[in-house]
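The values are calculated or read from the model by the stated rules, or taken from the named source; none is laboratory data. Treat the numbers as computed from the prediction; the structure is a model and nothing was measured. Note: ideal-geometry Cβ built from the backbone for every residue, glycine included; neighbour counts use all protein chains shown.
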Amino acid sequence: MEAPKWGSGHKFVKEYFRIVNERMAKVGKKKEWLKHFGEAKTDFERVCYLLKSLEASNEDKTGVGVLGLPTKRDEVVKFNVKSDEFADKILLSLKTQKDVSKSLDYVNRALFFAESDAAKLRVLGIRGRLLSTLGELRCFRGEPPEVISEDSSKHKKTSHEKSEEVSCHLSASPNGRIQLRNTGNKRGWTLEVTQDVSVGDVLMVDKPYASTLLSDHFGTHCYHCYKRTLSLIPCHHCPYVGFCSETCAENASKDKLPASAEGTGRHVYDCHGIVACIILDNYAGWSKESKDSIGGPIVARLAFACVANTNPDTLLDYICSSGRYAVSVYCNFLILIQ
């Protein structure tokens, strides 16, 4: 079985590019086509213009078939499945990896692909050894450790004038981990943590309409809440992403997220192998997801996330009010995605 590929190397992505290039060659007046394409004011108009051009030059196929895409989800899934063979191939790359922390990324990805219980057990054993090497393996005792007894009278007592302090809860702080506090004439307004925090903990969140995780971090961060996690739980239905908890895995697969989780990563429409088709690692000249660039693959996946996070009825209403079904060209949804 051929190793799974994603991005520009994926079977369906390559076929789509081939069809677009082939149809563009048949357009004739390419400069004129590009001129009209450039006059489109929004990405939605550009997509519609491209689809009309492809449809006009293809007499046999309709729907997604015009783009060279399969008409059934099952045809996509069979190319992006879990496989012990692929998990073993990922583990082989550990032999050349000297950085232990990066090795953990490979092991987590191998666990995502592991299909049988035996393969999962083997990968989990390797991950356990790596965590032990990193000093991150936790041992749970049968009894609590002895508490060191100290004379509390020896500790220096401190006092604070509570009357001068005013605390404010931040809606952008999950679980109230940080808060604003006015300490009066001492330090003025401060931002303080309310509990112990660890490396990778999310302190503040500016809730977006839609968001997505960089593919470089699939093996190190939760696909839903984006928390850095050493022991990711694999998705049960695809070999590409993982979660920090079963709760995150469940929330990510819900058709409608709870209000507290809106804007976080979802794994509804890109599961079952679809995620491999929408990671564009070679987009408009950018050969990879550049963290310092605006646009390219990152924005392409965000565009997908915006559509995926929008109620299907809203999408249908907009599609049926534009293009060949136009009642009015612009609507609230267009304003939303601009």
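Of the numbered criteria (1) of a type in the set (D, E, K, R); (2) at pLDDT below 70; (3) within 17 Å of MET24 (Cα to Cα), the one ARG73 fails is (3). Tell me the residue from GLY263, GLY273 that is farther than 13 Å from TRP6 by Cα and either in a loop (DSSP other than H, G, I, E, B) or modelled with pLDDT under 65 (or both), please. Within the list GLY263, GLY273, the selection yields GLY263. Within region 178-222, the set of residues being of a type in the set (Lys, Arg) and either touching a His at 6+ places or on another chain (Cβ under 9 Å) or assigned to a loop (DSSP other than H, G, I, E, B) (or both) comprises LYS186, ARG187, LYS207. Scanning region 223-255 for residues that are in a loop (DSSP other than H, G, I, E, B) and more than 19 Å from LYS120 (Cα to Cα) turns up TYR223, HIS224, CYS225, TYR226, LYS227, SER253, LYS254, ASP255.
For (1) among the basic types (Lys, Arg); (2) under 10 Å from the mean Cα position of the chain (by Cα); (3) farther than 23 Å from THR310 by Cα, each residue gets a yes or a no:
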{"residue": "SER211", "(1), (2), (3)": "no, yes, no"}
{"residue": "HIS221", "(1), (2), (3)": "no, yes, yes"}
{"residue": "LYS227", "(1), (2), (3)": "yes, no, yes"}
{"residue": "PRO234", "(1), (2), (3)": "no, no, yes"}
{"residue": "GLU246", "(1), (2), (3)": "no, no, yes"}
{"residue": "ALA249", "(1), (2), (3)": "no, no, no"}
{"residue": "LYS256", "(1), (2), (3)": "yes, no, no"}
{"residue": "ALA259", "(1), (2), (3)": "no, no, no"}
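Being in contact with a Lys or Arg (Cβ under 9 Å, 6 or more places away or on another chain) and either of a type in the set (D, E, K, R) or surrounded by fewer than 21 Cβ atoms within 10 Å (Cβ to Cβ) (or both) is the filter here, so list the residues in region 256-269 that pass it. Residues satisfying the conditions are LEU257, ALA261, GLU262, GLY263, ARG266, VAL268.
Taking each residue of region 287-316 that is more than 17 Å from GLY263 (Cβ to Cβ) and looking for partners that are in a helix (DSSP H, G or I) and at pLDDT 55 or above with beta-carbon atoms closer than 7 Å, six or more apart or interchain, yields GLU289/SER215; GLU289/ASP216; GLU289/PRO297; GLU289/ILE298; LEU315/VAL307.
Okay, residues lined up against (1) surrounded by 12 or more Cβ atoms within 10 Å (Cβ to Cβ); (2) modelled with pLDDT of 85 or more; (3) acidic (Asp, Glu); (4) in contact with a Phe, Trp or Tyr (Cβ under 7 Å, 6 or more places away or on another chain):
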position	(1), (2), (3), (4)
ASP151	no, no, yes, no
HIS160	no, no, no, no
PRO174	yes, no, no, no
TRP189	no, no, no, no
VAL197	yes, no, no, no
THR212	yes, yes, no, no
TYR223	yes, yes, no, yes
VAL241	yes, yes, no, yes
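Reported count of residues in region 83-133, each being in contact (Cβ under 8 Å) with a residue 60 or more places away in the chain and part of a loop (DSSP other than H, G, I, E, B), is 2.
Kindly indicate the residue of region 26-54 that is modelled with pLDDT under 80 and of a type in the set (Gly, Ala, Ser) and also surrounded by the fewest Cβ atoms within 10 Å (Cβ to Cβ) among those meeting that condition. Only one residue tops the list, namely GLY28.
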